[in-house]
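The next block holds one structure in the form of C-alpha cells; read it before the comments.
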Amino acid sequence: MELTFRQVGADALLVRAADGETVAALYAALLARRDELPAVTEIVPAARTVLLDGLADPARTRQLLTGWQLPPHPPADGPLIEVPTVYDGADLAEVAALWGCTAPEAVRLHCSFEYRVAFCGFAPGFGYLTGLPAPYEVPRRATPRSSVPAGSVALAGPYTGVYPRSSPGGWQLLGRTALPLWDTGREPAALLAPGVRVRFVPLAAGAAGPLAAA
C-alpha cells in the first residue's frame, strides 16, 4: 500500500492514502489491530486521510504502519441501519435524467445498493456514504440552497448523505426521512459512524411525516 505520513504537533499523525477505499481498509485495520500500536486516543477517518491523535509515540506508529499489508477491500461487517425514505426530493427528476431513467427507476436504483459510512463531518451526525457505483455519481448543484431541511436524503459526487439538521447545502435532493440522525439524548448521539452499513427503504409519500426545521 502507498501511504504518506505527516506528524501533526507532538502527538498526532496524519496518514494519507491514494483513495477512499484504501482509507476504509486502513481504518478497519487500525481498529482491529489497535493493540499493536502505541497508545492512541482517537482514530478519525476522512476522505483521503486517517488522523491518529493522542499518540504515545508517533514515530514508532509510523514505522509500524509502513510495514502493514491491507486487504484490497474494507470489510463490510459493520452494523446495518435501514433508513426509511420518502422519495419526493426536489432534484429527483434531475438526477433521474442524469442517470438516463425515470424517477421511479432512479428510486429503485438508489435503494438497490448497500452503502457504508466512510467518514463523518460537515455537521454533527452527517455521514458520507460510499457504495454508489461510479456511473451514478452526480455533480453538486451549481447554486447551493440557503436552507436544506433536516432529514433530506441527497447525493453529491460519489457520496450519499442525510442532512441531520437544517443547513445550507448544494447536494442533489432525492427525498426525506424522519429517522433522527443526531440526538443528544442518545448514546452515542450520532446514529451513523464510520463502518456502519446503510440501506435506504422506500416509503409511500406522506409516510415519513414533515421534514424537521431544526
Enumerate the pairs (first residue in the stretch 25-37 and open to solvent by 80 Å² or more (accessible area, probe 1.4 Å); second residue anywhere and assigned to a helix (DSSP H, G or I)) with beta-carbon separation below 9 Å, excluding pairs fewer than 6 apart on the same chain, so at least 6 apart or on different chains.
E36/L64
Check whether at least one residue in the stretch 14-23 is in contact with a Ser or Thr (Cβ under 7 Å, 6 or more places away or on another chain) and open to solvent by 70 Å² or more (accessible area, probe 1.4 Å), and report yes or no.
yes
Name the single residue, out of those in the stretch 110-120 being open to solvent by 30 Å² or more (accessible area, probe 1.4 Å) and not in a loop (DSSP other than H, G, I, E, B), that is farthest from G161 (Cα to Cα).
S112
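Tell me the residue from A97, A134, A156 that is surrounded by fewer than 18 Cβ atoms within 10 Å (Cβ to Cβ), out of contact with any strand residue (DSSP E or B) (no Cβ under 7 Å at 6 or more places or on another chain) and either under 30 Å from L26 (Cα atoms) or of a type in the set (F, W, Y) (or both), please.
Values: A97 fails: either under 30 Å from L26 (Cα atoms) or of a type in the set (F, W, Y) (or both); A156 fails: out of contact with any strand residue (DSSP E or B) (no Cβ under 7 Å at 6 or more places or on another chain).
None of the other options fit; the residue is A134.
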Pick out the one residue from T49, T66 that is of a type in the set (S, T, N, Q) and touching a residue at least 60 places away in the same chain (Cβ under 8 Å).
T66
Checking the condition of a type outside the set (F, W, Y), farther than 26 Å from D19 by Cα, in contact with a helix residue (DSSP H, G or I) (Cβ under 8 Å, 6 or more places away or on another chain) and buried (at least 20 other Cβ atoms within 10 Å of the Cβ), which residue from G151, G175 passes?
G175
So, A123, is that one open to solvent by less than 60 Å² (accessible area, probe 1.4 Å), touching a residue at least 40 places away in the same chain (Cβ under 8 Å), part of a loop (DSSP other than H, G, I, E, B) and not aromatic (F, W, Y) or not?
yes
Which of (1) open to solvent by 70 Å² or more (accessible area, probe 1.4 Å); (2) part of a loop (DSSP other than H, G, I, E, B); (3) under 25 Å from G151 (Cα atoms) is the odd one out, the single condition Q69 does not satisfy?
(3)
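The values are calculated or read from the model by the stated rules, or taken from the named source; none is laboratory data. The shown structure was predicted, so the numbers you read here are calculated from the model rather than taken from an experiment. Here Cβ is always computed from backbone atoms with ideal geometry, including for glycine, and neighbour counts include all displayed protein chains. Accessible surface is based on the protein model in full, side chains and every heavy atom, while ligands, DNA and RNA are left aside. Shrake-Rupley method; radii C 1.70, N 1.55, O 1.52, S 1.80 Å.
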